[in-house]
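The structure appears right after this line, and notes come after that.
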Amino acid sequence: MPLDGDSSSLLSEVDLARKPRVVLLTPYTGGNFGDAAIQDALIASFRLRLPNAQFAGISLHCGNFLERHGIQAFPLCASNTPFYGMYGDKAGSLPLAGGFSGQTVTVNALKSSVKAILKRIPGLRWAGRKLRAWMNAFKREYRHCVEGYRFLRSQDLLIVSGGGQLDEEWGGAWGHPYALFKWAALARKARIPFVIASVGACKVDSRTSRLFLSAALRMAHYRSYRDKNSRQIAATLFHRAASDAVVPDLAFGLPASEIPSRAEIRSYAKGRTVIAISPICYGRPENWPNGDRAIYDRYVAEMAALVSQLLRRDYFLVFVRSARDDELVIPELLDRLGPESKARILQQVCVPALTDWKDLVSVLLDVDALVASRLHSTIFGFLAHTPTVAISFDPKVDWVMQELKQANYLLQIRHFVASDVVAALDRMQSRRKDIVQELASYQEQIHPMLARQFDDLASVATLGPRPEK
């Protein structure tokens, strides 16, 4: 969709001197390198256009946001649900001016008398506990909304900053779909623009999620999606989304100045072909909503078989990850290797310490090929111009492989076997130069699209809060 008003990429000297306050909203706990790269891309690209811009975050881990990006953060939600909640920070711990104090001694005495009477009625104790829990949750939510509104009143722009944010899988309808609706409404109340930039749409099945997300899309000042399929899903929620812009994942917009230098992995390989393997904990019940132990066990078994075959071929293997939980898969996978393969580990396997996405990209710049499953593991491979075999767990991985014309190296997590991956790696061998050129051409092709969007967002940031009607 076009921006309201002027979206010229030419900012005036007055605009450049301003200090717009920009808030980045993301369901980010610090465990996912893709989410971190998206925030870094937005911050760096804004500062190229508006050097004096000031940033804040709304996230699921405020301490991590401050540590990773050096900017203040506000809690994304007030209550925790399974697989969706504040991480490391106490939700609802913000002070509320005025609070809920002020009851008189008379009122407190009356409450005590009523409680004593109600306790004598059979069955009411259980109902009372439920009611108290509901009231406490309501108070936390009310306080969070009040403080969130006050926070936004001091800002100029709220951006839903990339990632697969149109999604109910992690936390259900009352997880992120509700959070997006709430913050869109608070931004409207605070009279600041609410922007949705290069987001993906994933699982949106329930009626409640659809209501929350359609309302959030409707209130957006600007909307764009990272792929055509996400836009198509968004159009089923809000029909005007069908004419919105498609602008690729914001991680592709990382400025050249943010890309790290090459790691020294080859110095350990001793002339061997170097393959990076980025496993995923998909289906692991302890780490994935709607976990499926059978799918996970099958995946680990096939990946162990793949590792055995690659070790026998005398390849050097580098295990990497783009999400915290995926680190758990590596020892489980290696434990399934046979004695012969385990004997090769010391000479042919490396597990580098990765603290952020830059460490990962640095490694991928120094390998011959990548085997990955997560979307951003795949995207980081493409940023490094590394030929990649994707073992897809979700349509979003299929879409990015198709968009970059790499579908010949796309496999499905539910059906692949180790020999399929080996065959895909063999096919790559003869086309390596062509693949690298395809990846470089794609990035050149999308650069103007990302630049225009960053220009437009910078223009909106200089508008500031809308005047009251």
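At a glance:
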{"quantity": "Failed condition for PHE252, given (1) surrounded by 16 or more Cβ atoms within 10 Å (Cβ to Cβ); (2) out of contact with any helix residue (DSSP H, G or I) (no Cβ under 8 Å at 6 or more places or on another chain)", "calculated": "(2)"}
{"quantity": "Lone qualifier among ILE121, ILE117 - being modelled with pLDDT under 90, among the β-branched types (Val, Ile, Thr), in a helix (DSSP H, G or I) and more than 24 Å from HIS176 (Cβ to Cβ)", "calculated": "ILE117"}
{"quantity": "Matching residues in segment 410-433 - criterion: being buried (at least 17 other Cβ atoms within 10 Å of the Cβ) and within 24 Å of the chain's Cα centre (by Cα)", "calculated": "LEU410, LEU411, ILE413"}
{"quantity": "Members of segment 287-316 that are surrounded by fewer than 16 Cβ atoms within 10 Å (Cβ to Cβ), among the acidic types (Asp, Glu) and in contact (Cβ under 8 Å) with a residue 12 or more places away in the chain", "calculated": "ASP314"}
{"quantity": "In segment 353-378, the residues that are surrounded by fewer than 24 Cβ atoms within 10 Å (Cβ to Cβ) and either hydroxyl-bearing (Ser, Thr, Tyr) or under 15 Å from the mean Cα position of the chain (by Cα) (or both)", "calculated": "THR355, ASP356, SER362"}
{"quantity": "Strands (runs of 3 or more DSSP E) contained in segment 165-283 and holding at least 1 residues touching a residue at least 24 places away in the same chain (Cβ under 8 Å) and under 30 Å from ALA294 (Cα atoms)", "calculated": "194-201, 274-278"}
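The values are calculated or read from the model by the stated rules, or taken from the named source; none is laboratory data. Bear in mind the structure is a predicted one, so any value in this text is a computation, not a measurement. So basically every Cβ, Gly included, is an ideal-geometry build from the backbone, and we count neighbours across all protein chains shown.
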